[in-house]
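*Asks:* Below is a structure I'd like to ask you about.
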Amino acid sequence: MFCSVQSMGLSGIESYPVTVEVDCRRGLPRFDIVGLPDTAVKESRERVHSAIGNLGYTFPAGVLVVNLAPADTKKSGPLYDLPILLGILAAGCGVDLPLAGSAFVGEISLDGRLRPVNGVLSMVSEAARQGYSRIYIPYDNAAEGSVVQGIEVYPVRTARELVEALSGGNPLPTARSVPYRELPQPPMPDFSEVKGQENVKRALGIAAAGGHNLLMIGPPGSGKSMLARRLPSILPDMTRQEAMESTEIHSVAGLTSKDAPMLLQRPFRAPHHTISPMGMAGGGSNPRPGEISLAHNGVLFLDELPEFQKDVLEVLRQPLEDGVVQISRASGSVVYPSRFMLVAAMNPSK
């Protein structure tokens, strides 16, 4: 039997629809996943096999082939576990599941619980743009997914409750949508706490008003780092679009949480001077955003500026000019936004 399940994939911070096609037929037992899967995707075989057994179903015997379409785009991460499991139940176990019009995303544990995945905000947003009416995501990602308008978001704790709900059992409740301005945020150091340093505060105020970059030179202990950390508190509030852009980057990097699912405060990033060029610009075999993208719409603070490697400072040039950083690899390229305010500090030259 054949079954297809809709899911979402990630390329950089951009999401795209993925069709998980499952075909089960007679033959010598074999379980293959094709469609340019990485190691984490290939390991879905073991997770899904154990989860199906622990749900009380008999794993289908014979040839089982899972195709992740489009097949020419590399797939990474464990987020395809849930659609693969549902496809196998429908195609190989004879479970009648109404899957049309819905998208499914989530990592499956061996006992069937759903674990959170990165990049949910991008995936839910793209699912809404693609016209899906519903998307099912892990319960711990519910707060992040609920900020998207135009699609019903269903948080799922276990695969068992999802299968029962789709089979006509107790329906799952939708995620409660909270206005993004009312979402919780961690406390931020406030500029009003600074006493003295009137000249520096005036310079920071002018830089904040005009979006200018800034270099502070002063002896150790004069308050350079303390002032820089309070700079975001006098920057304009982020618009909804800016908040979505910044949160998508942090979500892909795994830096959001269910307690603070969306960034409303402008980000402040202060990498150590031992950071590598890849850590600053981003990269890796599966490219991830670096510090200059994590500071998008906020402040990038370089303390002890002369201590940074020359190569690290060189990678800042193009993002400062263009507002984006492009990472090219043999498997493709991704573009991360990187519009930030650069603030640096150093001690006086001797």
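*Asks:* Give region 57-106 a look and list any residue that's free of Cβ contacts under 8 Å to residues at least 60 places away in the same chain and within 18 Å of the chain's Cα centre (by Cα), or say none.
*Replies:* Pro78, Asp81, Gly106
*Asks:* Cβ-Cβ below 7 Å, separation at least six or inter-chain, first residue in region 192-203 and touching a residue at least 12 places away in the same chain (Cβ under 8 Å), second of a type in the set (Lys, Arg) and part of a helix (DSSP H, G or I): which pairs?
*Replies:* Cβ pairs passing all conditions: Val194/Lys201.
*Asks:* In region 203-230, how many residues are over 18 Å from Ala270 (Cα atoms), of a type in the set (A, V, I, L, M) and not in a helix (DSSP H, G or I)?
*Replies:* 0
*Asks:* Return yes when Ser257 is of a type in the set (Ser, Thr, Tyr) and surrounded by fewer than 18 Cβ atoms within 10 Å (Cβ to Cβ) and no when it is not.
*Replies:* Yes, satisfied.
*Asks:* Could you please let me know if Thr247 is of a type outside the set (Gly, Ala, Ser) and part of a loop (DSSP other than H, G, I, E, B)?
*Replies:* Against the criterion (of a type outside the set (Gly, Ala, Ser) and part of a loop (DSSP other than H, G, I, E, B)), Thr247 does not qualify.
*Asks:* Which ones in region 189-206 are under 32 Å from the mean Cα position of the chain (by Cα) and buried (at least 17 other Cβ atoms within 10 Å of the Cβ)?
*Replies:* Phe191, Leu204
Residues checked against (1) crowded, with 19+ Cβ neighbours inside 10 Å; (2) over 25 Å from Ser251 (Cα atoms); (3) among the basic types (Lys, Arg):
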position	(1), (2), (3)
Gly9	yes, no, no
Pro17	no, no, no
Asn54	no, yes, no
Asp81	yes, no, no
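*Asks:* Just for region 295-336: of the residues that are open to solvent by 10 Å² or more (accessible area, probe 1.4 Å), touching a helix residue (DSSP H, G or I) at 6+ places or on another chain (Cβ under 6 Å) and not in a loop (DSSP other than H, G, I, E, B), which one is nearest to Thr274 (Cα to Cα)?
*Replies:* Asp311
*Asks:* With the requirement that a residue be crowded, with 18+ Cβ neighbours inside 10 Å and either touching a residue at least 60 places away in the same chain (Cβ under 8 Å) or hydroxyl-bearing (Ser, Thr, Tyr) (or both), what does region 32-46 give you?
*Replies:* The one that is crowded, with 18+ Cβ neighbours inside 10 Å and either touching a residue at least 60 places away in the same chain (Cβ under 8 Å) or hydroxyl-bearing (Ser, Thr, Tyr) (or both): Ser44.
The values are calculated or read from the model by the stated rules, or taken from the named source; none is laboratory data. Since the model is a prediction, treat every value here as computed from it, not as a measurement. Neighbour counts are summed over all protein chains in view; Cβ atoms, including those assigned to glycine, are modelled from backbone coordinates with ideal geometry. Surface areas here come from the heavy atoms of the whole protein model, side chains and all, with no ligands, DNA or RNA. Shrake-Rupley method; radii C 1.70, N 1.55, O 1.52, S 1.80 Å.
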